[in-house]
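The values are calculated or read from the model by the stated rules, or taken from the named source; none is laboratory data. What you see is a predicted model; the values in this text were computed from it and never measured. Please note: Cβ atoms are built from the backbone with ideal geometry, for glycine as well, and neighbour counts cover all protein chains shown. Just so you know, the surface numbers come from the protein's heavy atoms only, side chains and all, with ligands and any DNA or RNA stripped out. Shrake-Rupley method; radii C 1.70, N 1.55, O 1.52, S 1.80 Å.
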Amino acid sequence: MNLPNKLTTIRMILVIPFVILLLGGHSGWGWFDFLFGSVLPYMDWAALVIFVAASLTDLLDGRIARKYHMVTNFGKFMDPLADKLLVCSAMICLIELGRIPSWVVIIIVAREFIISGFRLIASDNGIVIAASMWGKYKTTFQMTMIILMIADIEQLSLITTAVMWIAVVLTIVSLVDYISKSRQVLSDFK
């Protein structure tokens, strides 16, 4: 359990308090309101801090693993899973809070399932498909979109909407790019 793997594990664990804080401040859960009533207005901000911290672990773990040659099978498997868990949890919570349309989440989650399927087939055939710049741009805009939606600042609503649309377009472009680079996987699949 090296440092990058610990950071990945921390990111997965942070999903729990993130979801509790984000939904708890709006839930009407009697026990939650009783325990945290005086700080309910700050729950979104606490959730935002946790989301940003978890997102930063995503930046750090990969860089540390590559720089110090600490890449492990655990990290290869769990890092993308931790990313998907964090992003999907955030977007599902944002649907419940009425801050993101469900169709946006469906497009993003569908892309993740499709790419995961391609990666599984590719790895079974000994093919490694490197992450593209489109995927990195997509991730950056998705994270930015989520941060803006958690913050829910009315004065930034136009920017939030623009970032959401950019994230959707990049999600689709990165999927098309991935599939076009993975034609060999499709032709080998029988």
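How large a share of the accessible area of the chain, in percent, is made up of carbon and sulfur atoms when the probe is 1.4 Å and the other protein chains stay in place? Walk me through the numbers before you get to the answer.
Values: 7670 of 10930 Å².
With neighbouring chains kept in place, the figure for the chain is 70 percent.
Determine, from the Cβ-Cβ distance of TRP103 and VAL52 and an R0 of 25 Å, the FRET efficiency 1/(1 + (r/R0)^6), rounded to the nearest 0.05.
It comes to 0.45.
Obtain the radius of gyration and the Kirkwood radius of the range 1-146 from its C-alpha atoms and give Rg over Rh. Write out the running numbers ahead of the final one.
Working: Rg = 17.0 Å, Rh = 16.7 Å.
Result: Rg/Rh = 1.02.
Just ILE147, ILE159, ILE100 to compare: in a GNM of the chain, with alpha carbon springs under 10 Å, which one fluctuates most?
Comparing ILE147, ILE159, ILE100 in the GNM, the peak value goes to ILE159.
Roughly how many debye, to the nearest 20, is the charge dipole of the range 46-190 about its Cα centre, given +1 on each Lys and Arg Cβ, -1 on each Asp and Glu Cβ, and no other charges? Let's see the in-between values first.
On the way: 13 positive and 11 negative charges, 102 e Å.
Taking the Cα centre of the range 46-190 as origin, the dipole is about 500 debye.
In degrees between 0 and 90, to the nearest 10, how far off the longest principal axis of the chain does helix 102-124 point, with axes built from Cα atoms?
It is inclined by approximately 30 degrees.
Of the residues SER123, SER55, SER102, which exhibits the maximal mean-square fluctuation in a Gaussian network model of the chain defined by a 10 Å Cα contact cut-off?
SER123
So how compact is the range 110-190: Cα radius of gyration and Dmax in angstrom?
Using the Cα atoms of the range 110-190, the pair Rg, Dmax is 15.6, 52 Å.
Using the alpha-carbon atoms, what tilt in degrees (0 to 90, nearest 10) does helix 157-181 show relative to the longest principal axis of the chain?
So the helix axis and the longest Cα principal axis differ by about 20 degrees.
Give me the number: length gained by fully extending LYS181 to GLU96, i.e. 0.36 nm times residue separation minus the C-alpha to C-alpha distance, one decimal in nm.
27.0 nm
If you roll a 1.4 Å probe over the heavy atoms of the protein chains, what accessible area per residue do you get for the chain, in Å²?
On the way: 10930 Å² over 190 residues.
Counting only protein heavy atoms, the per-residue value for the chain is 58 Å².
Taking N as the number of residues in the range 56-96, what is its Cα Rg relative to 2.2 N^0.38 Å?
Values: Rg = 12.5 Å, N = 41, 2.2 N^0.38 = 9.0 Å.
Rg over 2.2 N^0.38 Å, computed on Cα atoms: 1.39.
Among GLY98, VAL39, CYS88, whose Cα sits farthest toward the positive end of the charge dipole of the chain (+1 at Cβ of Lys/Arg, -1 at Cβ of Asp/Glu, about the Cα centre)?
So the residue we want is CYS88.
Quick one: what are the phi-derived ³J(HN,Hα) couplings along the range 85-96, Karplus 6.51/-1.76/1.60 with θ = phi - 60°, whole Hz, x for glycine and proline?
4, 5, 5, 5, 4, 4, 5, 5, 4, 5, 4, 4
On full extension of the chain, what length is gained from MET70 through HIS26, given 0.36 nm per residue of separation minus the C-alpha to C-alpha distance?
11.7 nm
Within 13 Å, Cβ to Cβ, of CYS93, how many net charges do the neighbouring residues add up to if Lys/Arg are +1 and Asp/Glu are -1?
Surrounding charge for CYS93 is -2.
Tilt of helix 3-24 relative to the longest C-alpha principal axis of the chain, in degrees (0 to 90, nearest 10)?
For helix 3-24, the angle is close to 40 degrees.
If a paramagnetic tag sat 7 Å from the Cα of ILE10 along the Cα-Cβ line, which residues of the range 41-63 would have the backbone N under 20 Å from that point?
Under cut-off, by backbone N: 46-63.
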